[in-house]
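First up is the structure itself, then whatever we jot down about it.
The values are calculated or read from the model by the stated rules, or taken from the named source; none is laboratory data. Everything numeric here is computed off the predicted structure, so don't read it as measured data. Quick reminder, even Gly has a Cβ in these numbers, built from the backbone with ideal geometry, and neighbours come from all protein chains shown. Just the protein is used for accessible areas: all its heavy atoms, side chains included, with ligands, DNA and RNA removed. Shrake-Rupley method; radii C 1.70, N 1.55, O 1.52, S 1.80 Å.
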Amino acid sequence: IIKNTTSDGDVTIKGNDGGSEISLLTFDVSAEGAATFNSTIAMTSFAVTDGSTITTADNTTQLTLISTDADANAGPKLALYRNSSSPADNDLLGQIRFLGEDDAGAEVSYSEISAVALDVSDGTTDTELRFDIRHAGSVNRILTLTPTEVSINNGSFDSDFRVEGNGDANLLFVDAGNDKIGIGTNSPAKLLSLKKDGGGGAI
(Lines give C-alpha, C1' and ligand atoms only; values in the text may rest on other atoms or scores of the structure.)
Protein backbone atom coordinates (compact mmCIF):
# COMPACT_ATOMS: atom_id res chain seq x y z
CA ILE A 1 0.00 0.00 0.00
CA ILE A 2 1.34 3.40 -0.99
CA LYS A 3 -0.29 6.27 0.84
CA ASN A 4 0.05 9.79 2.11
CA THR A 5 -1.53 10.30 5.53
CA THR A 6 -1.55 14.10 5.22
CA SER A 7 -5.02 15.58 4.78
CA ASP A 8 -5.58 16.21 1.05
CA GLY A 9 -1.96 15.15 0.47
CA ASP A 10 -1.06 13.97 -3.00
CA VAL A 11 0.79 10.72 -3.61
CA THR A 12 3.91 11.23 -5.76
CA ILE A 13 6.29 8.66 -7.22
CA LYS A 14 9.76 10.11 -7.65
CA GLY A 15 13.04 9.10 -9.28
CA ASN A 16 16.58 10.42 -9.50
CA ASP A 17 18.29 11.48 -12.72
CA GLY A 18 21.97 12.40 -12.37
CA GLY A 19 21.51 13.64 -8.85
CA SER A 20 18.30 15.54 -9.60
CA GLU A 21 15.05 14.37 -8.04
CA ILE A 22 12.21 14.07 -10.54
CA SER A 23 8.50 13.61 -9.86
CA LEU A 24 7.50 10.85 -12.25
CA LEU A 25 3.84 10.39 -11.37
CA THR A 26 1.50 12.33 -9.11
CA PHE A 27 -1.90 11.13 -7.88
CA ASP A 28 -4.11 14.07 -7.01
CA VAL A 29 -6.32 13.08 -4.06
CA SER A 30 -8.44 16.22 -4.25
CA ALA A 31 -11.90 16.31 -5.80
CA GLU A 32 -10.35 16.20 -9.29
CA GLY A 33 -8.74 12.82 -8.59
CA ALA A 34 -6.28 13.17 -11.47
CA ALA A 35 -3.14 11.16 -12.13
CA THR A 36 -0.43 13.22 -13.85
CA PHE A 37 2.74 12.03 -15.56
CA ASN A 38 5.62 14.50 -15.58
CA SER A 39 5.21 16.17 -18.98
CA THR A 40 8.96 16.80 -19.28
CA ILE A 41 9.74 13.07 -19.26
CA ALA A 42 9.70 11.35 -22.64
CA MET A 43 7.74 8.12 -22.35
CA THR A 44 8.89 5.75 -25.07
CA SER A 45 6.05 3.33 -24.41
CA PHE A 46 3.00 2.83 -22.27
CA ALA A 47 1.59 -0.71 -22.36
CA VAL A 48 -1.78 -1.83 -21.05
CA THR A 49 -2.23 -5.58 -21.22
CA ASP A 50 -5.95 -5.76 -20.45
CA GLY A 51 -9.15 -3.84 -21.16
CA SER A 52 -9.25 -0.31 -19.76
CA THR A 53 -12.08 2.15 -19.21
CA ILE A 54 -11.96 5.94 -19.01
CA THR A 55 -15.02 7.35 -17.24
CA THR A 56 -16.17 10.93 -16.72
CA ALA A 57 -19.42 12.29 -15.33
CA ASP A 58 -19.68 15.17 -17.79
CA ASN A 59 -19.32 15.92 -21.52
CA THR A 60 -15.59 16.58 -21.52
CA THR A 61 -13.29 14.78 -23.95
CA GLN A 62 -12.20 11.46 -22.45
CA LEU A 63 -9.13 10.96 -24.65
CA THR A 64 -7.08 13.46 -26.66
CA LEU A 65 -4.17 12.59 -28.98
CA ILE A 66 -1.80 15.51 -29.52
CA SER A 67 1.07 15.83 -31.99
CA THR A 68 3.36 18.85 -31.69
CA ASP A 69 5.29 18.13 -34.91
CA ALA A 70 5.50 21.06 -37.32
CA ASP A 71 6.20 19.01 -40.45
CA ALA A 72 3.85 18.11 -43.31
CA ASN A 73 3.44 14.48 -42.26
CA ALA A 74 0.29 13.09 -40.67
CA GLY A 75 -0.16 13.57 -36.95
CA PRO A 76 -1.54 12.67 -34.54
CA LYS A 77 -2.16 9.07 -35.54
CA LEU A 78 -4.45 6.37 -34.18
CA ALA A 79 -3.51 2.80 -35.14
CA LEU A 80 -5.76 -0.24 -34.76
CA TYR A 81 -3.32 -3.12 -35.18
CA ARG A 82 -4.49 -6.73 -35.21
CA ASN A 83 -1.17 -8.43 -34.54
CA SER A 84 -2.22 -12.00 -35.31
CA SER A 85 0.29 -14.84 -35.55
CA SER A 86 -1.95 -16.59 -38.08
CA PRO A 87 -3.76 -14.00 -40.22
CA ALA A 88 -6.45 -15.40 -42.50
CA ASP A 89 -8.67 -14.10 -45.26
CA ASN A 90 -11.82 -12.33 -44.05
CA ASP A 91 -10.38 -11.60 -40.58
CA LEU A 92 -12.05 -8.63 -38.91
CA LEU A 93 -9.18 -6.15 -38.45
CA GLY A 94 -10.82 -3.66 -36.14
CA GLN A 95 -14.10 -2.04 -35.21
CA ILE A 96 -15.31 1.30 -33.88
CA ARG A 97 -18.67 0.98 -32.13
CA PHE A 98 -20.98 3.80 -31.06
CA LEU A 99 -22.82 2.45 -28.03
CA GLY A 100 -25.73 3.79 -26.03
CA GLU A 101 -28.76 2.62 -24.12
CA ASP A 102 -32.35 2.31 -25.26
CA ASP A 103 -35.23 3.46 -23.04
CA ALA A 104 -35.30 0.02 -21.38
CA GLY A 105 -31.70 0.45 -20.21
CA ALA A 106 -30.28 -2.15 -22.63
CA GLU A 107 -26.89 -1.47 -24.22
CA VAL A 108 -27.23 -0.97 -27.99
CA SER A 109 -24.65 -0.61 -30.75
CA TYR A 110 -26.22 2.16 -32.81
CA SER A 111 -23.50 2.49 -35.45
CA GLU A 112 -20.31 0.64 -36.34
CA ILE A 113 -17.29 1.11 -38.61
CA SER A 114 -15.24 -2.01 -39.28
CA ALA A 115 -12.45 -3.21 -41.54
CA VAL A 116 -12.00 -6.72 -42.96
CA ALA A 117 -8.88 -8.29 -44.46
CA LEU A 118 -10.35 -9.88 -47.59
CA ASP A 119 -7.00 -11.25 -48.77
CA VAL A 120 -3.92 -11.55 -46.53
CA SER A 121 -1.61 -12.95 -49.23
CA ASP A 122 1.70 -11.05 -49.34
CA GLY A 123 1.73 -8.74 -52.34
CA THR A 124 -2.01 -9.05 -53.12
CA THR A 125 -3.61 -7.91 -49.85
CA ASP A 126 -7.16 -6.57 -50.15
CA THR A 127 -9.45 -4.97 -47.62
CA GLU A 128 -13.08 -3.99 -47.10
CA LEU A 129 -14.42 -1.07 -45.06
CA ARG A 130 -17.96 -1.30 -43.70
CA PHE A 131 -20.33 1.31 -42.29
CA ASP A 132 -23.33 -0.08 -40.39
CA ILE A 133 -26.23 1.81 -38.83
CA ARG A 134 -29.22 0.60 -36.84
CA HIS A 135 -32.77 1.07 -38.14
CA ALA A 136 -35.94 -0.26 -36.51
CA GLY A 137 -33.90 -2.60 -34.32
CA SER A 138 -31.90 -4.13 -37.18
CA VAL A 139 -28.39 -3.43 -38.46
CA ASN A 140 -28.22 -1.92 -41.94
CA ARG A 141 -24.94 -2.08 -43.89
CA ILE A 142 -25.37 1.36 -45.39
CA LEU A 143 -21.97 1.66 -47.13
CA THR A 144 -19.31 -0.87 -48.16
CA LEU A 145 -15.97 0.01 -49.75
CA THR A 146 -13.93 -2.70 -51.48
CA PRO A 147 -11.10 -2.60 -54.06
CA THR A 148 -13.61 -3.34 -56.85
CA GLU A 149 -16.76 -1.41 -55.89
CA VAL A 150 -18.49 1.12 -53.70
CA SER A 151 -21.76 -0.43 -52.55
CA ILE A 152 -24.57 1.60 -50.98
CA ASN A 153 -27.34 -0.19 -49.07
CA ASN A 154 -25.73 -3.59 -49.53
CA GLY A 155 -28.18 -5.11 -47.03
CA SER A 156 -31.18 -4.33 -49.30
CA PHE A 157 -32.99 -2.23 -46.70
CA ASP A 158 -35.61 0.38 -47.56
CA SER A 159 -33.00 3.14 -47.36
CA ASP A 160 -33.17 5.85 -50.03
CA PHE A 161 -30.12 7.46 -51.61
CA ARG A 162 -30.21 11.20 -52.30
CA VAL A 163 -27.70 13.62 -53.84
CA GLU A 164 -28.41 17.29 -53.19
CA GLY A 165 -27.25 19.95 -55.63
CA ASN A 166 -26.69 23.67 -55.10
CA GLY A 167 -30.28 24.51 -56.01
CA ASP A 168 -32.01 21.12 -56.13
CA ALA A 169 -32.58 18.99 -53.05
CA ASN A 170 -33.20 15.93 -55.23
CA LEU A 171 -30.61 16.21 -57.95
CA LEU A 172 -30.42 12.41 -57.84
CA PHE A 173 -32.82 10.28 -55.83
CA VAL A 174 -32.92 6.50 -55.54
CA ASP A 175 -36.21 5.21 -54.10
CA ALA A 176 -35.07 1.97 -52.48
CA GLY A 177 -38.53 0.83 -51.42
CA ASN A 178 -39.96 1.09 -54.94
CA ASP A 179 -36.75 0.41 -56.90
CA LYS A 180 -37.01 3.63 -58.91
CA ILE A 181 -34.64 6.49 -59.73
CA GLY A 182 -35.57 10.16 -59.86
CA ILE A 183 -33.59 13.05 -61.32
CA GLY A 184 -34.91 16.32 -59.95
CA THR A 185 -37.71 14.53 -58.07
CA ASN A 186 -38.03 12.47 -54.92
CA SER A 187 -41.17 10.68 -56.12
CA PRO A 188 -40.19 8.90 -59.36
CA ALA A 189 -43.20 7.36 -61.10
CA LYS A 190 -41.25 5.06 -63.39
CA LEU A 191 -37.97 3.19 -63.32
CA LEU A 192 -36.33 6.49 -64.30
CA SER A 193 -38.18 9.79 -63.87
CA LEU A 194 -36.77 13.13 -64.97
CA LYS A 195 -37.98 16.59 -63.99
CA LYS A 196 -36.57 19.70 -65.62
CA ASP A 197 -37.29 23.39 -66.37
CA GLY A 198 -40.02 23.56 -63.75
CA GLY A 199 -42.04 20.91 -65.57
CA GLY A 200 -42.15 17.16 -65.28
CA GLY A 201 -41.52 14.20 -67.45
CA ALA A 202 -40.78 10.52 -67.13
CA ILE A 203 -38.80 8.12 -69.26
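In Å², what does the accessible area per residue of region 103-156 work out to with a 1.4 Å probe?
I get 61 Å² per residue for region 103-156.
Of the GluC sites (Glu not before Pro) found in region 97-160, those in coil by DSSP whose Cβ has at most 11 other Cβ atoms within 10 Å are Glu149. Proximity of backbone amide H atoms, modeled 1.01 Å from N, is registered between Ile181 and Asp175, Leu192, Ser193 at under 5 Å, excluding neighbours fewer than 5 places apart on the same chain. With all protein chains in place and a 1.4 Å probe, the accessible surface of region 70-177 carries 49 percent carbon and sulfur. Around the amide H of Asn170, modelled in the peptide plane, lie the amide H atoms of Gly165, all under 5 Å away and 5 or more residues distant in sequence or on another chain.
For Glu101, what is the net charge nearby, where nearby means another residue's Cβ is under 15 Å from its Cβ and Lys, Arg count +1, Asp, Glu -1?
Net local charge, Glu101 excluded: -1.
Bridging of Lys180 to lysines at a Cα separation below 28 Å is possible for Lys190, Lys195, Lys196, once same-chain residues fewer than 8 apart are set aside.
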